[in-house]
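Have a look at the structure below, then the notes.
Readers should treat all values here as calculations from the given coordinates under stated rules, not as data from a laboratory. These figures come from a predicted structure and were not determined experimentally. Every residue, glycine among them, receives a Cβ derived from its backbone with ideal geometry; neighbour counts consider all protein chains shown.
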Amino acid sequence: MKHEAHPLGWNRRHLLALAAATAAAGPLGARAQAAPAGFATRPVRVVVPFAAGGATDVIARILGERMAQRFGQSVVVDNKPGAAGLIAGEMVAKAPPDGMTALLGTTSSMLTNKYLYKKTPYDPLTELTPLVRVCLAPIALVVTADTPAQNLQDFMAWIRSQKGKLTYGSYGIGSHGQLACTTLSEVAGADMTHVAYKGEAPMVQDLLGGQIKIGMGSLLSLKAHVDAGKLRALAVTGPRRVPLLPEVPTFTEAGYPQDALSIVGWLAIAGPKAMPADVARQWAQAANHAVASREGLARIIAAGFVPVNDDTPEKFARLWAQEAPVWGRLLQAAGVQPS
């Protein structure tokens with residue numbers, strides 16, 4: 001599967017230069033203070049499929065403040081958690097396509113739910129309009145510090161030598177962590193056992209307690225323990241390194257370019273189907289400017305994500321259509337059955 005070209009990594013010099021450029025331009029830059037977008041005739045609503053206070057919610061609020069300056073109207077964040085994002089997605093899918101309501105969600109809430117549930121209230125591939133990605137959401141493979149694996153090559157040799165004896169944790173059935181570790185286990189012939197946790201917190205707790213030796217999760221959940229030397233990060237998914245752990249290679253860099261390891265989740269904005277193209281472009285332009293702002297950039301990087309500030313509805317739609325069957329195939333290969 002081909003992915004859009006990205007630089008291999010972000011180093012401190014790149015980040016400081018970008019932050020300095022946005023800071024020098026002012027809150028959104030003089031050019032960002034252009035005439036407000038014509039479609040916003042009242043406060044704009046951004047529906048978030050997570051509770052208030054989480055990383056996605058905080059990013060939505062930071063970006064919302066910046067997008068409001070572009071729209072000429074306030075941006076209201078509407079938290080609708082529950083049902084794996086289906087509640088929020090349905091609300092947006094059934095909204096008028098006038099640009100006044102959009103969804104800020106993840107790959108799972110916008111795309112993979114289609115393959116995880118037999119019946120959903122809407123089809124994200126046909127009832128949502130892809131507008132723009134705001135960041136990539138890679139996950140990291142970690143092992144406990146007492147394992148012999150110092151890098152990914154060591155890891156593959158180790159799990160191969162322990163065939164049928166090792167378990168790995170992920171944050172749930174059908175998670176990207178499960179799909180990635182299934183691939184690693186198959187490539188190594190390791191026959192590892194999956195332990196599906198209800199979220200990342202209990203998985204991390206068992207990693208630190210020694211109940212499991214291998215896990216995959218978000219950088220936000222794992223970085224503090226990696227920094228403390230309790231866990232060792234071996235590789236990250238996606239096309240480029242992550243600013244929060246710039247010394248950790250991607251799986252592709254380490255010699256494992258399989259789809260489950262090279263594909264990456266994202267945080268993105270979508271609207272109802274049939275949204276006019278000019279309105280979609282205004283959303284994308286507003287989001288790109290918000291991501292490139294000093295606050296947007298800092299918050300996204302601190303959450304363990306990789307900022308995207310050059311996306312378009314057309315580019316995102318192509319990627320959406322390209323990646324959907326890949327996620328479906330990976331879920332099927334991992335033996336995940338729709339519930």
Worksheet entry | FRET E, pair Thr193, Ala145, Förster distance 22 Å, beta-carbon r, rounded to 0.05 | 0.55
Item to complete: Amide H neighbours of Val132 under 5 Å, at least 5 residues apart or on other chains, H built in the peptide plane: list them.
Response: Ile269
Discussion item. How big is the dipole moment of the chain about its Cα centre under a simple scheme where the beta carbon of each Lys and Arg is +1, that of each Asp and Glu is -1, and everything else is neutral? Debye, nearest 20, please.
Written reply: 220 debye
Discussion item. Can you give me the convex hull volume of the Cα atoms of region 139-262, divided per residue and expressed in Å³?
Written reply: 88 Å³
Worksheet item: Using Cα atoms only, what is the angle between the long axis of helix 12-24 and the major principal axis of the chain, expressed in degrees (0 to 90) to the nearest 10?
Response: 10 degrees
Item to complete: Averaging sequence separations of C-alpha pairs under 8 Å and six or more residues apart, then dividing by the length of region 222-311, give the relative contact order as a whole percent.
Response: 24 percent
Fill in: Contour excess over end-to-end distance, with Cα ends at Ala201 and Ala83 and 0.36 nm allotted per residue
40.6 nm
Item to complete: Please find, in a Gaussian network model of the chain (springs between Cα atoms separated by less than 10 Å), the residue of Pro121, Pro313, Pro130 whose mean-square fluctuation is greatest.
Response: Pro121
Item to complete: Would you calculate the separation in nanometres between label points at Ala224 and Thr126, each defined as 7 Å from the Cα along the Cα-to-beta-carbon direction?
Response: 4.5 nm
Discussion item. What distance in nm lies between label points placed 7 Å from Cα along the C-beta direction at Gln211 and Ala302?
Written reply: 3.1 nm
Practice prompt. Which order do the peptides 63-74, 273-284 take when ranked by the mean count of other beta-carbon atoms within 10 Å per residue, highest first?
Written response: 63-74, 273-284
Worksheet item: So what J values fall out for region 75-81 if you push phi through Karplus, 6.51 cos²θ - 1.76 cosθ + 1.60 with θ = phi - 60°, rounded to Hz, Gly and Pro as x?
Response: 10, 9, 8, 10, 7, 10, x
Worksheet item: Mean 1/r over all different Cα pairs, inverted: what Kirkwood radius does the chain give, in Å?
Response: 20.5 Å
Worksheet item: From the residues Met203, Ile159, Gly215, which one has its Cα farthest along the dipole of region 139-262 in the positive direction, the dipole being from +1 and -1 charges on Cβ of Lys/Arg and Asp/Glu about the Cα centre?
Response: Met203
Worksheet item: If you find the alpha carbon centre of region 168-182 and of region 132-149, how far apart are they in angstrom?
Response: 12 Å
Discussion item. For the chain, take the longest principal axis of its alpha carbons; what is the angle in degrees between that and the long axis of helix 176-188, to the nearest 10 within 0 to 90?
Written reply: 40 degrees
Item to complete: Measure nothing fancy, just the Cα-based angle from helix 277-292's long axis to the longest principal axis of the chain, in degrees from 0 to 90, nearest 10.
Response: 60 degrees
Worksheet item: Any idea how many Lys pairs in the chain come in under 17 angstrom at the alpha carbon, given 8 or more places apart or on separate chains?
Response: 11
Fill in: Percent antiparallel among DSSP beta bridges (both partners in region 139-262, rounded to 5)
60 percent
Worksheet item: With each label point set 7 Å from Cα along the Cα-Cβ vector, what nm distance links Ala333 and Lys315?
Response: 2.7 nm
Worksheet item: Can you give the helix-only mean residue ellipticity at 222 nm for the chain, where every DSSP H stretch with n ≥ 4 adds -39500 (n - 2.57) and the sum goes over all residues, rounded to the nearest 500 deg cm²/dmol?
Response: -12000 deg cm²/dmol
